[in-house]
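Please find one structure pasted underneath; my questions will follow.
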Amino acid sequence: MTARSLADHRDAVAAALRPSLVLDVLLADAVGATLAEDLVAPSDLPPTPVAERDGYAVVAADTATASADAPVSLAVSHDVSFDVRAPRRHVRGAAARVPSGAAVPTGADAVVALSDTDMGVAKVGIARPVQRGEGVREAGFDARGGTVLVAAGTRLGPRQVAAAAALGRARVRVRPVPRVVVLAVGDELIEPGTSRPGGGVAEATTHMIAALVQEAGAKPYRVGAVPDDALQLRGAIEDQLVRADMVITTGGLSDGPQDTVADVLARMGRFTAVDLQLRPGRRHGLGVIDAGDREVPVVALPGSPAAAAMGFEAYVRRAVRVLCGHPNVERAPFAARARRRWIAAPGVVTGMPVVVERDADGMLSVTPLGAENLSLADLARADAVVWSGPDAHVFDVGDTVSCTVWGG
(Lines give C-alpha, C1' and ligand atoms only; values in the text may rest on other atoms or scores of the structure.)
Protein backbone atom coordinates (compact mmCIF):
# COMPACT_ATOMS: atom_id res chain seq x y z
CA MET A 1 0.00 0.00 0.00
CA THR A 2 1.33 3.44 -0.97
CA ALA A 3 0.23 6.68 0.68
CA ARG A 4 0.08 9.52 -1.81
CA SER A 5 -1.10 13.12 -1.96
CA LEU A 6 -3.67 14.05 -4.57
CA ALA A 7 -1.13 16.26 -6.35
CA ASP A 8 1.38 13.41 -6.61
CA HIS A 9 -1.30 10.99 -7.78
CA ARG A 10 -2.45 13.42 -10.46
CA ASP A 11 1.12 13.61 -11.73
CA ALA A 12 1.43 9.82 -11.71
CA VAL A 13 -1.80 9.38 -13.66
CA ALA A 14 -0.78 12.09 -16.13
CA ALA A 15 2.54 10.31 -16.70
CA ALA A 16 0.75 7.03 -17.38
CA LEU A 17 -1.77 8.50 -19.83
CA ARG A 18 -0.13 10.14 -22.81
CA PRO A 19 -2.01 11.66 -25.77
CA SER A 20 -2.70 9.15 -28.51
CA LEU A 21 -0.75 9.19 -31.77
CA VAL A 22 -1.76 11.60 -34.51
CA LEU A 23 -3.45 9.90 -37.48
CA ASP A 24 -4.28 11.15 -40.96
CA VAL A 25 -7.92 10.11 -41.50
CA LEU A 26 -10.73 10.57 -43.97
CA LEU A 27 -13.04 13.42 -43.09
CA ALA A 28 -15.95 11.04 -42.51
CA ASP A 29 -13.90 9.21 -39.87
CA ALA A 30 -12.85 12.38 -38.04
CA VAL A 31 -16.12 13.18 -36.22
CA GLY A 32 -15.58 13.14 -32.47
CA ALA A 33 -11.78 13.11 -32.77
CA THR A 34 -9.53 15.97 -31.68
CA LEU A 35 -8.00 18.06 -34.44
CA ALA A 36 -4.18 17.95 -34.38
CA GLU A 37 -3.60 20.82 -36.82
CA ASP A 38 -5.06 24.23 -37.51
CA LEU A 39 -7.48 24.29 -40.43
CA VAL A 40 -6.41 27.42 -42.30
CA ALA A 41 -8.05 28.98 -45.34
CA PRO A 42 -5.28 29.02 -48.00
CA SER A 43 -7.06 31.85 -49.85
CA ASP A 44 -10.24 33.87 -49.65
CA LEU A 45 -13.38 31.72 -49.40
CA PRO A 46 -15.14 32.21 -51.74
CA PRO A 47 -12.27 33.39 -53.98
CA THR A 48 -14.55 35.72 -55.99
CA PRO A 49 -17.99 37.23 -55.39
CA VAL A 50 -20.71 34.58 -55.80
CA ALA A 51 -24.47 34.62 -56.12
CA GLU A 52 -26.28 33.78 -52.91
CA ARG A 53 -29.46 32.92 -54.81
CA ASP A 54 -30.63 31.93 -58.27
CA GLY A 55 -31.29 35.01 -60.37
CA TYR A 56 -29.79 37.56 -62.72
CA ALA A 57 -26.48 39.33 -62.21
CA VAL A 58 -26.80 43.04 -62.96
CA VAL A 59 -25.34 46.45 -62.25
CA ALA A 60 -27.63 47.73 -59.49
CA ALA A 61 -27.86 51.18 -61.07
CA ASP A 62 -29.51 49.64 -64.16
CA THR A 63 -32.53 48.67 -62.01
CA ALA A 64 -33.01 52.02 -60.28
CA THR A 65 -36.33 52.82 -62.03
CA ALA A 66 -37.78 49.32 -61.91
CA SER A 67 -41.26 48.74 -60.48
CA ALA A 68 -43.99 46.16 -60.70
CA ASP A 69 -46.00 48.47 -62.99
CA ALA A 70 -43.03 49.45 -65.14
CA PRO A 71 -40.39 46.70 -65.14
CA VAL A 72 -36.92 47.46 -66.45
CA SER A 73 -36.10 45.27 -69.45
CA LEU A 74 -32.49 44.08 -69.82
CA ALA A 75 -30.96 41.85 -72.47
CA VAL A 76 -29.74 38.50 -71.15
CA SER A 77 -26.06 38.36 -72.12
CA HIS A 78 -25.28 34.76 -71.14
CA ASP A 79 -25.83 31.98 -68.66
CA VAL A 80 -23.12 31.70 -66.00
CA SER A 81 -21.61 28.19 -65.82
CA PHE A 82 -19.73 26.48 -63.00
CA ASP A 83 -17.40 25.04 -65.66
CA VAL A 84 -15.91 28.38 -66.65
CA ARG A 85 -12.46 28.94 -65.12
CA ALA A 86 -12.94 32.67 -64.51
CA PRO A 87 -16.03 34.91 -64.53
CA ARG A 88 -16.80 36.77 -67.77
CA ARG A 89 -16.88 40.55 -67.82
CA HIS A 90 -20.34 41.99 -67.36
CA VAL A 91 -21.87 44.23 -70.00
CA ARG A 92 -23.55 47.36 -68.65
CA GLY A 93 -27.27 47.39 -69.44
CA ALA A 94 -27.47 43.61 -69.58
CA ALA A 95 -28.23 40.76 -67.19
CA ALA A 96 -26.60 37.34 -66.84
CA ARG A 97 -28.50 34.33 -65.54
CA VAL A 98 -26.60 32.97 -62.56
CA PRO A 99 -27.23 29.96 -60.28
CA SER A 100 -26.73 30.14 -56.53
CA GLY A 101 -23.06 29.71 -55.61
CA ALA A 102 -21.70 30.59 -59.06
CA ALA A 103 -19.21 33.40 -59.63
CA VAL A 104 -20.78 36.77 -60.38
CA PRO A 105 -19.53 38.24 -63.69
CA THR A 106 -16.83 40.87 -63.24
CA GLY A 107 -18.45 44.29 -63.11
CA ALA A 108 -21.87 43.11 -61.92
CA ASP A 109 -22.60 44.20 -58.36
CA ALA A 110 -26.00 42.66 -57.50
CA VAL A 111 -28.14 39.59 -58.18
CA VAL A 112 -31.87 40.00 -58.75
CA ALA A 113 -33.91 37.11 -57.37
CA LEU A 114 -35.90 35.07 -59.90
CA SER A 115 -39.10 35.97 -58.06
CA ASP A 116 -38.54 39.66 -58.89
CA THR A 117 -38.34 38.98 -62.63
CA ASP A 118 -40.39 37.49 -65.44
CA MET A 119 -37.66 34.83 -65.84
CA GLY A 120 -37.04 35.85 -69.43
CA VAL A 121 -34.50 34.06 -71.61
CA ALA A 122 -33.49 36.58 -74.29
CA LYS A 123 -34.69 39.58 -72.29
CA VAL A 124 -35.67 39.79 -68.64
CA GLY A 125 -38.14 42.11 -66.99
CA ILE A 126 -37.07 43.28 -63.51
CA ALA A 127 -39.91 44.39 -61.26
CA ARG A 128 -38.04 46.17 -58.47
CA PRO A 129 -34.75 47.99 -57.92
CA VAL A 130 -31.88 46.23 -56.14
CA GLN A 131 -29.07 47.73 -54.12
CA ARG A 132 -25.37 47.30 -54.75
CA GLY A 133 -24.22 44.05 -53.07
CA GLU A 134 -27.74 42.62 -52.80
CA GLY A 135 -27.83 38.89 -53.49
CA VAL A 136 -24.03 38.66 -53.58
CA ARG A 137 -21.59 37.04 -51.18
CA GLU A 138 -18.35 38.96 -51.50
CA ALA A 139 -14.94 37.30 -51.88
CA GLY A 140 -13.72 36.22 -48.44
CA PHE A 141 -17.26 36.28 -47.01
CA ASP A 142 -16.80 32.86 -45.35
CA ALA A 143 -13.11 33.31 -44.54
CA ARG A 144 -10.17 35.47 -45.51
CA GLY A 145 -7.01 33.78 -46.68
CA GLY A 146 -4.85 32.89 -43.68
CA THR A 147 -7.79 32.72 -41.27
CA VAL A 148 -7.87 29.75 -38.87
CA LEU A 149 -11.34 28.26 -39.28
CA VAL A 150 -10.84 25.48 -36.72
CA ALA A 151 -7.99 25.49 -34.22
CA ALA A 152 -5.92 22.47 -33.25
CA GLY A 153 -7.30 20.88 -30.10
CA THR A 154 -10.92 21.29 -31.18
CA ARG A 155 -13.18 18.28 -30.91
CA LEU A 156 -14.59 17.82 -34.40
CA GLY A 157 -18.36 17.97 -34.69
CA PRO A 158 -20.73 18.56 -37.61
CA ARG A 159 -19.92 22.27 -38.00
CA GLN A 160 -16.16 21.77 -37.85
CA VAL A 161 -16.30 18.94 -40.39
CA ALA A 162 -18.31 21.24 -42.68
CA ALA A 163 -15.57 23.87 -42.39
CA ALA A 164 -12.91 21.31 -43.31
CA ALA A 165 -14.94 20.17 -46.31
CA ALA A 166 -15.43 23.78 -47.45
CA LEU A 167 -11.64 24.14 -47.48
CA GLY A 168 -11.45 21.16 -49.81
CA ARG A 169 -9.91 18.90 -47.19
CA ALA A 170 -10.65 15.23 -47.83
CA ARG A 171 -8.41 14.18 -44.92
CA VAL A 172 -7.39 15.76 -41.62
CA ARG A 173 -4.83 15.02 -38.93
CA VAL A 174 -6.47 14.07 -35.64
CA ARG A 175 -5.97 12.36 -32.34
CA PRO A 176 -8.58 9.57 -32.43
CA VAL A 177 -11.22 9.26 -29.76
CA PRO A 178 -9.72 7.21 -26.89
CA ARG A 179 -11.57 4.02 -25.99
CA VAL A 180 -12.09 3.59 -22.26
CA VAL A 181 -13.30 0.27 -20.84
CA VAL A 182 -15.22 0.68 -17.57
CA LEU A 183 -16.02 -2.27 -15.34
CA ALA A 184 -17.31 -2.77 -11.81
CA VAL A 185 -16.10 -5.47 -9.45
CA GLY A 186 -18.15 -6.94 -6.62
CA ASP A 187 -20.02 -10.14 -5.69
CA GLU A 188 -22.97 -8.11 -4.47
CA LEU A 189 -23.55 -6.24 -7.73
CA ILE A 190 -26.39 -6.92 -10.15
CA GLU A 191 -27.41 -5.10 -13.31
CA PRO A 192 -30.25 -2.58 -12.91
CA GLY A 193 -33.60 -4.21 -13.66
CA THR A 194 -32.43 -7.71 -12.73
CA SER A 195 -32.74 -9.71 -9.53
CA ARG A 196 -31.28 -12.77 -7.89
CA PRO A 197 -32.06 -14.92 -4.84
CA GLY A 198 -31.02 -13.14 -1.68
CA GLY A 199 -31.13 -9.73 -3.36
CA GLY A 200 -28.19 -7.70 -4.48
CA VAL A 201 -27.02 -4.13 -5.07
CA ALA A 202 -27.92 -2.48 -8.36
CA GLU A 203 -24.65 -1.48 -10.03
CA ALA A 204 -24.75 2.31 -10.49
CA THR A 205 -21.14 3.47 -10.32
CA THR A 206 -19.94 2.43 -13.78
CA HIS A 207 -23.06 3.83 -15.42
CA MET A 208 -22.01 7.19 -13.97
CA ILE A 209 -18.30 6.77 -14.79
CA ALA A 210 -19.08 5.80 -18.40
CA ALA A 211 -21.18 8.95 -18.77
CA LEU A 212 -18.39 11.06 -17.26
CA VAL A 213 -15.88 9.49 -19.66
CA GLN A 214 -18.11 10.42 -22.58
CA GLU A 215 -18.58 13.94 -21.25
CA ALA A 216 -14.78 14.28 -21.07
CA GLY A 217 -14.50 13.43 -24.77
CA ALA A 218 -13.63 9.72 -24.86
CA LYS A 219 -15.62 6.67 -25.96
CA PRO A 220 -16.72 4.50 -23.00
CA TYR A 221 -17.28 0.75 -23.19
CA ARG A 222 -19.11 -0.28 -20.06
CA VAL A 223 -18.77 -3.94 -19.01
CA GLY A 224 -21.36 -5.57 -16.77
CA ALA A 225 -20.52 -6.18 -13.12
CA VAL A 226 -17.81 -8.82 -12.57
CA PRO A 227 -17.69 -10.97 -9.40
CA ASP A 228 -14.77 -10.81 -6.94
CA ASP A 229 -13.19 -13.86 -8.53
CA ALA A 230 -9.64 -13.67 -9.84
CA LEU A 231 -10.18 -15.88 -12.89
CA GLN A 232 -13.43 -14.21 -13.93
CA LEU A 233 -11.99 -10.72 -13.41
CA ARG A 234 -8.85 -11.48 -15.41
CA GLY A 235 -10.89 -13.03 -18.19
CA ALA A 236 -13.23 -10.05 -18.35
CA ILE A 237 -10.32 -7.60 -18.60
CA GLU A 238 -8.44 -9.66 -21.19
CA ASP A 239 -11.56 -9.82 -23.36
CA GLN A 240 -11.66 -6.02 -23.47
CA LEU A 241 -8.01 -5.20 -24.10
CA VAL A 242 -8.35 -5.36 -27.88
CA ARG A 243 -10.46 -2.18 -27.80
CA ALA A 244 -9.04 -0.44 -24.73
CA ASP A 245 -6.81 2.61 -24.70
CA MET A 246 -7.52 2.83 -20.97
CA VAL A 247 -9.29 0.73 -18.34
CA ILE A 248 -11.20 2.07 -15.33
CA THR A 249 -12.30 -0.31 -12.60
CA THR A 250 -14.55 0.44 -9.64
CA GLY A 251 -14.65 -1.49 -6.36
CA GLY A 252 -12.74 -4.54 -5.20
CA LEU A 253 -9.92 -2.53 -3.62
CA SER A 254 -10.32 -3.10 0.11
CA ASP A 255 -8.01 -5.33 2.16
CA GLY A 256 -10.58 -8.08 2.53
CA PRO A 257 -9.82 -11.59 1.24
CA GLN A 258 -12.64 -11.33 -1.30
CA ASP A 259 -11.20 -8.24 -3.02
CA THR A 260 -9.12 -9.29 -6.01
CA VAL A 261 -8.50 -6.17 -8.13
CA ALA A 262 -5.02 -5.29 -6.88
CA ASP A 263 -3.75 -8.87 -7.11
CA VAL A 264 -5.19 -9.51 -10.58
CA LEU A 265 -3.92 -6.24 -12.05
CA ALA A 266 -0.47 -6.75 -10.54
CA ARG A 267 -0.27 -10.16 -12.23
CA MET A 268 -1.36 -8.65 -15.56
CA GLY A 269 1.29 -5.92 -15.51
CA ARG A 270 2.17 -3.39 -12.85
CA PHE A 271 -0.21 -1.99 -10.26
CA THR A 272 -0.02 0.11 -7.11
CA ALA A 273 -2.85 0.39 -4.61
CA VAL A 274 -2.87 3.93 -3.21
CA ASP A 275 -4.11 5.33 0.08
CA LEU A 276 -5.02 8.68 -1.45
CA GLN A 277 -5.35 11.87 0.56
CA LEU A 278 -8.77 12.60 -0.87
CA ARG A 279 -12.19 12.79 0.72
CA PRO A 280 -14.58 11.12 0.06
CA GLY A 281 -12.91 7.86 -0.94
CA ARG A 282 -9.30 7.05 -0.01
CA ARG A 283 -8.50 3.72 -1.68
CA HIS A 284 -7.50 4.11 -5.34
CA GLY A 285 -5.06 2.43 -7.68
CA LEU A 286 -2.95 2.97 -10.78
CA GLY A 287 -1.05 0.66 -13.09
CA VAL A 288 -0.54 -0.67 -16.60
CA ILE A 289 -1.76 -3.93 -18.15
CA ASP A 290 0.50 -5.88 -20.48
CA ALA A 291 -1.49 -6.24 -23.73
CA GLY A 292 1.28 -7.89 -25.74
CA ASP A 293 2.42 -5.22 -28.19
CA ARG A 294 1.41 -2.34 -25.93
CA GLU A 295 0.67 -1.36 -22.35
CA VAL A 296 -2.81 -0.19 -21.37
CA PRO A 297 -3.09 2.20 -18.41
CA VAL A 298 -5.57 1.23 -15.72
CA VAL A 299 -7.11 3.44 -13.04
CA ALA A 300 -8.89 1.82 -10.09
CA LEU A 301 -11.58 3.85 -8.33
CA PRO A 302 -13.60 3.10 -5.18
CA GLY A 303 -16.89 1.25 -5.58
CA SER A 304 -18.99 3.90 -3.84
CA PRO A 305 -20.69 6.15 -6.44
CA ALA A 306 -19.86 9.29 -4.44
CA ALA A 307 -16.19 8.35 -3.91
CA ALA A 308 -15.76 7.23 -7.52
CA ALA A 309 -17.37 10.40 -8.82
CA MET A 310 -15.11 12.57 -6.69
CA GLY A 311 -12.01 10.63 -7.70
CA PHE A 312 -12.92 10.95 -11.36
CA GLU A 313 -13.42 14.68 -10.98
CA ALA A 314 -10.26 15.12 -8.92
CA TYR A 315 -7.79 13.50 -11.31
CA VAL A 316 -9.25 11.09 -13.90
CA ARG A 317 -11.17 13.60 -16.00
CA ARG A 318 -8.04 15.68 -16.50
CA ALA A 319 -6.11 12.58 -17.63
CA VAL A 320 -8.87 11.57 -20.06
CA ARG A 321 -8.82 15.08 -21.55
CA VAL A 322 -5.05 14.81 -21.99
CA LEU A 323 -5.49 11.40 -23.61
CA CYS A 324 -7.94 12.99 -26.05
CA GLY A 325 -5.47 15.75 -26.88
CA HIS A 326 -7.69 18.58 -25.64
CA PRO A 327 -5.80 21.80 -24.83
CA ASN A 328 -8.22 22.73 -22.01
CA VAL A 329 -8.03 19.97 -19.44
CA GLU A 330 -9.27 21.78 -16.32
CA ARG A 331 -12.75 23.03 -15.60
CA ALA A 332 -13.02 26.82 -15.42
CA PRO A 333 -13.63 28.05 -11.84
CA PHE A 334 -16.27 30.55 -10.81
CA ALA A 335 -16.86 32.50 -7.59
CA ALA A 336 -19.88 32.09 -5.34
CA ARG A 337 -20.96 32.87 -1.79
CA ALA A 338 -21.38 30.22 0.93
CA ARG A 339 -24.91 29.90 2.31
CA ARG A 340 -23.96 27.55 5.14
CA ARG A 341 -20.95 26.89 7.33
CA TRP A 342 -18.82 23.80 6.85
CA ILE A 343 -15.39 22.57 7.93
CA ALA A 344 -12.86 20.89 5.67
CA ALA A 345 -10.81 18.29 7.56
CA PRO A 346 -7.01 18.61 7.67
CA GLY A 347 -4.63 16.27 5.89
CA VAL A 348 -6.80 15.53 2.87
CA VAL A 349 -8.13 17.32 -0.18
CA THR A 350 -11.89 17.62 0.22
CA GLY A 351 -14.33 17.91 -2.62
CA MET A 352 -17.57 19.39 -1.34
CA PRO A 353 -20.51 19.01 -3.75
CA VAL A 354 -22.76 22.06 -3.68
CA VAL A 355 -26.08 23.28 -5.06
CA VAL A 356 -25.74 26.58 -6.93
CA GLU A 357 -28.44 29.25 -6.70
CA ARG A 358 -28.67 32.94 -7.49
CA ASP A 359 -29.48 35.33 -4.65
CA ALA A 360 -31.80 38.34 -4.88
CA ASP A 361 -28.77 40.60 -5.45
CA GLY A 362 -27.70 38.51 -8.44
CA MET A 363 -24.73 36.88 -6.71
CA LEU A 364 -24.27 33.13 -7.08
CA SER A 365 -24.48 31.23 -3.81
CA VAL A 366 -23.78 27.62 -2.87
CA THR A 367 -25.19 25.22 -0.32
CA PRO A 368 -23.01 22.24 0.71
CA LEU A 369 -24.35 18.72 0.39
CA GLY A 370 -23.40 15.69 2.44
CA ALA A 371 -20.94 17.43 4.71
CA GLU A 372 -20.57 14.22 6.71
CA ASN A 373 -21.60 11.55 4.21
CA LEU A 374 -22.59 12.07 0.58
CA SER A 375 -25.78 10.23 -0.42
CA LEU A 376 -26.92 9.23 -3.88
CA ALA A 377 -29.63 11.90 -3.65
CA ASP A 378 -27.00 14.53 -2.84
CA LEU A 379 -24.84 13.29 -5.70
CA ALA A 380 -27.72 13.68 -8.15
CA ARG A 381 -28.54 17.20 -6.92
CA ALA A 382 -25.03 18.66 -7.00
CA ASP A 383 -24.25 21.40 -9.52
CA ALA A 384 -20.62 22.13 -8.64
CA VAL A 385 -17.71 21.23 -6.36
CA VAL A 386 -15.76 23.35 -3.89
CA TRP A 387 -12.22 22.00 -3.43
CA SER A 388 -10.15 22.63 -0.31
CA GLY A 389 -7.19 21.19 1.57
CA PRO A 390 -5.00 19.55 2.52
CA ASP A 391 -4.89 22.30 5.16
CA ALA A 392 -7.94 22.57 7.42
CA HIS A 393 -10.37 25.26 6.44
CA VAL A 394 -13.58 26.70 7.87
CA PHE A 395 -16.10 28.07 5.37
CA ASP A 396 -18.38 30.58 7.05
CA VAL A 397 -21.69 31.93 5.80
CA GLY A 398 -21.02 34.72 3.31
CA ASP A 399 -17.46 33.63 2.45
CA THR A 400 -16.53 33.79 -1.21
CA VAL A 401 -15.57 30.33 -2.46
CA SER A 402 -14.13 29.06 -5.73
CA CYS A 403 -16.22 26.40 -7.45
CA THR A 404 -16.01 24.25 -10.56
CA VAL A 405 -19.11 23.17 -12.47
CA TRP A 406 -19.78 19.46 -12.07
CA GLY A 407 -20.71 18.43 -15.58
CA GLY A 408 -21.95 15.06 -16.68
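The values are calculated or read from the model by the stated rules, or taken from the named source; none is laboratory data. Being a predicted model, the structure only gives us computed values, none of them experimental. Here Cβ is always computed from backbone atoms with ideal geometry, including for glycine, and neighbour counts include all displayed protein chains.
Just one of (1) touching a strand residue (DSSP E or B) at 6+ places or on another chain (Cβ under 6 Å); (2) within 30 Å of VAL247 (Cα to Cα) trips up ASP8, so point out which.
(1)
Follow-up. With the condition kept exactly as written, say whether any residue in segment 248-268 is more than 26 Å from ARG196 (Cα to Cα) and polar (S, T, N, Q).
no
Under the condition of being out of contact with any Leu (no Cβ under 9 Å at 6 or more places or on another chain) and outside any strand (DSSP E or B), which residue from segment 30-57 is surrounded by the most Cβ atoms within 10 Å (Cβ to Cβ)? Lay out the reasoning, then the answer.
Pass one, segment 30-57, residues out of contact with any Leu (no Cβ under 9 Å at 6 or more places or on another chain): 37, 43-44, 46-52, 57.
Now drop any that are not outside any strand (DSSP E or B), which leaves 37, 43-44, 46-49, 52.
Details: GLU37: 15, SER43: 13, ASP44: 17, PRO46: 18, PRO47: 12, THR48: 16, PRO49: 22, GLU52: 16.
Taking the candidates together, the pick is PRO49.
Failed condition for ALA68, given (1) crowded, with 16+ Cβ neighbours inside 10 Å; (2) outside any helix (DSSP H, G or I); (3) more than 46 Å from the chain's Cα centre (by Cα), with all others met?
Evaluating ALA68 over (1) crowded, with 16+ Cβ neighbours inside 10 Å; (2) outside any helix (DSSP H, G or I); (3) more than 46 Å from the chain's Cα centre (by Cα) leaves (1) as the failure.
Which condition number in (1) free of Cβ contacts under 8 Å to residues at least 60 places away in the same chain; (2) touching a Ser or Thr at 6+ places or on another chain (Cβ under 8 Å); (3) among the hydrophobic types (A, V, I, L, M, F, W, C) is the one that ALA108 fails?
(2)
Can you name the residue in segment 82-98 that is under 44 Å from the mean Cα position of the chain (by Cα) and outside any strand (DSSP E or B) and, of all such residues, is nearest to ALA61 (Cα to Cα)?
Among them, the one singled out is PRO87.
Checking the condition assigned by TED's automatic domain parsing to the domain that holds ILE289 and either farther than 18 Å from ALA300 by Cβ or outside any strand (DSSP E or B) (or both), which residue from ALA210, ALA184, ALA225 passes? Quick ask: steps written out before the conclusion?
On the way: ALA184 fails: either farther than 18 Å from ALA300 by Cβ or outside any strand (DSSP E or B) (or both); ALA225 fails: either farther than 18 Å from ALA300 by Cβ or outside any strand (DSSP E or B) (or both).
Every option except ALA210 fails the conditions.
A further question follows. Scan segment 99-121 for residues that are within 19 Å of LEU45 (Cβ to Cβ) and outside any loop (DSSP other than H, G, I, E, B) and report the count.
So the first thing to find is which residues in segment 99-121 are within 19 Å of LEU45 (Cβ to Cβ), and the list is 99-104, 106, 111.
Remaining after also requiring outside any loop (DSSP other than H, G, I, E, B): 103, 106, 111.
So the answer is 3.
Right, here's the next one. Could you please give the count of residues in segment 318-358 that are closer than 12 Å to TRP387 by Cα and among the polar types (S, T, N, Q)?
So the answer is 1.
Considering only segment 387-404, how many residues are surrounded by 13 or more Cβ atoms within 10 Å (Cβ to Cβ) and among the aliphatic types (A, V, I, L, M)?
Going through segment 387-404 one residue at a time, the tally reaches 2.
Pairs needed: first member in segment 131-151, aromatic (Phe, Trp, Tyr); second member anywhere, surrounded by fewer than 17 Cβ atoms within 10 Å (Cβ to Cβ); C-beta distance under 6 Å; at least 6 residues apart or different chains.
Matching pairs, first to second residue: none at all.
Filtering segment 228-282 down to residues that are outside any strand (DSSP E or B) and in contact with a His (Cβ under 9 Å, 6 or more places away or on another chain), which residue is nearest to VAL296 (Cα to Cα)? Spell out how you get there, then give the answer.
Taking segment 228-282 as the starting set, the residues that turn out to be outside any strand (DSSP E or B) are 228-245, 251-268, 277, 280-282.
Keeping just the survivors that are in contact with a His (Cβ under 9 Å, 6 or more places away or on another chain) gives 253, 277.
Details: LEU253: 19, GLN277: 25 Å.
Once the filter is applied, the top-ranked residue is LEU253.
Still on this structure, I have one more. Filter segment 133-151 down to residues that are crowded, with 17+ Cβ neighbours inside 10 Å and not acidic (Asp, Glu) and give me whichever is farthest from GLY55 (Cα to Cα).
VAL150
Restricting to segment 133-167, what's the tally of residues that are over 19 Å from the mean Cα position of the chain (by Cα) and either farther than 28 Å from GLY217 by Cα or not in a loop (DSSP other than H, G, I, E, B) (or both)?
Narrowing segment 133-167 to residues over 19 Å from the mean Cα position of the chain (by Cα): 133-148, 165-167.
This time we only want the ones that are either farther than 28 Å from GLY217 by Cα or not in a loop (DSSP other than H, G, I, E, B) (or both), so: 133-146, 148, 165-166.
The number of residues fulfilling the criteria is 17.
Another one. Test of understanding: among VAL124, VAL130, VAL76, which residue is assigned to a strand (DSSP E or B) and crowded, with 20+ Cβ neighbours inside 10 Å? Full working, then the answer.
Details: VAL130 fails: assigned to a strand (DSSP E or B); VAL76 fails: crowded, with 20+ Cβ neighbours inside 10 Å.
Exactly one residue qualifies, and that residue is VAL124.
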